[in-house]
1. Ignoring the sites themselves, what is the longest stretch of the chain with no GluC sites (Glu not before Pro) in a DSSP loop and at most 15 other beta-carbon atoms within 10 Å?
2. In a Debye calculation with equal point scatterers on the alpha-carbon sites of segment 168-306 and no solvent, what is log10 I(q)/I(0) at q = 0.08, 0.16, 0.19 Å⁻¹?
3. If the cut-off is 17 Å between C-alpha atoms, which lysines fall inside it for residue 168, apart from same-chain ones fewer than 8 positions away?
4. Mind checking the full-extension length gain between residue 113 and residue 304? Use 0.36 nm per residue of separation minus the Cα-Cα distance, one decimal, nm.
5. For segment 19-157, compute Rg over Rh where Rg is the Cα radius of gyration and Rh is the Kirkwood radius from the inverse mean 1/r over Cα pairs.
6. At a probe size of 1.4 Å, how large is the accessible area of residue 139, to the nearest 10 Å²?
7. If I take R0 = 51 Å and measure r between the Cβ atoms of residue 248 and residue 28 in this structure, what FRET efficiency does the formula 1/(1 + (r/R0)^6) give, to the nearest 0.05?
8. For segment 208-323, with all protein chains present and a 1.4 Å probe, just round the carbon and sulfur fraction of the accessible area to a whole percent.
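The values are calculated or read from the model by the stated rules, or taken from the named source; none is laboratory data. These figures come from a predicted structure and were not determined experimentally. Cβ placement follows ideal geometry from the backbone for every residue including glycine, while neighbour counts extend to all protein chains displayed. Areas reflect the complete protein model, heavy atoms only, side chains present, ligands, DNA and RNA absent. Shrake-Rupley method; radii C 1.70, N 1.55, O 1.52, S 1.80 Å.
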Amino acid sequence: MKLAMIYSFLKQDLTTIESAVNETIQSDNPVLREASSQLLQAGGKRIRPVFVLLAGKFGDYDIEKMKAVAVSLELIHTASLVHDDVIDEAELRRGEPTIKSRWDNRIAMYTGDYIFARSLENLSALENPRAHQILAKTMVELCLGEIEQIRDKFNSKQNLRTYLRRIKRKTALLIAASCRLGAIAADVKKEEEIALYQYGYYVGMSYQIIDDVLDFTASEQELGKPAGSDLLQGNITLPVLYSMEDEDFRQQLEELFAKGEGLTAKDLQPVIQRIKTNGSIEKSLEVSDRYLAKAYDSLSKLPANRAKQTLKGIAKYIGKRRA
């Protein structure tokens, strides 16, 4: 089953949000307008708006309030991707040329900044100071995660704690915030708001771990970018961490990392092959499964309704993403 089928009953509201996202990023400046629209037109799962809407179903669901939150969170995610592509010198995103490859780094950075600003402006429609505080703190954590990733490029002296903190900041907290802000906008009971936040956090952690696994196991066509891209950029993910428990592997990787930006995809082929066959993929997926188990446990604290079943279905789908 495709992911979109799981939440197909939200289709009309998601169409409304999609239109609002495109409208929000419009600009009188032709370069900003075209650059901002490019990534959105390339598609995407829009999973953060989905979490906003599902969380809202546990309270007083008002599509206008849901829209304000969902659009802002999707734009923050989009802006972070634009900046990521500059940092990673990525030429492709979702199989399409990145903004930095079509224009240049300066246009891409200002486009990302513009989308961030439009996100904050859009959320002003929601008159709830706590929602704005949560979003601001989430953006701070997101930036810290990006800085940590830049700092740790080609650094083999990392551990599990470093990795988990980084993916928490880069991925999980924005998904958790999507659930929490959707709940706040719908005046969901406090204990249910917390359960939704926890669910989003655990699902987000699992999602990123599986993404990091797929970077080694999926094809370039499936990824929309070359396989092994994270490692080529010097980013150490969970399968690599587990592989480095083997001293011979660690030494091999450190010798390659000494090349820094001169590292090539061909250089990494022997290392990637070892990662695929040394059990590190399976160990990483076990960690992902433990986070998913916690996500299911968080859902047990919520009342039964269609949204709860849908959240379970999404968690199940995420857990089955294998290649």
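1. Within the chain, the longest run free of exposed GluC sites (Glu not before Pro) spans 128-244.
2. These q points yield log10 I(q)/I(0) values of -0.29, -0.85, -1.03.
3. 137, 294
4. Gain on stretching residue 113 to residue 304: 64.7 nm.
5. 0.99
6. 30 Å²
7. The formula returns an efficiency of 0.30 here.
8. In segment 208-323, the share of accessible area belonging to carbon and sulfur is 49 percent.
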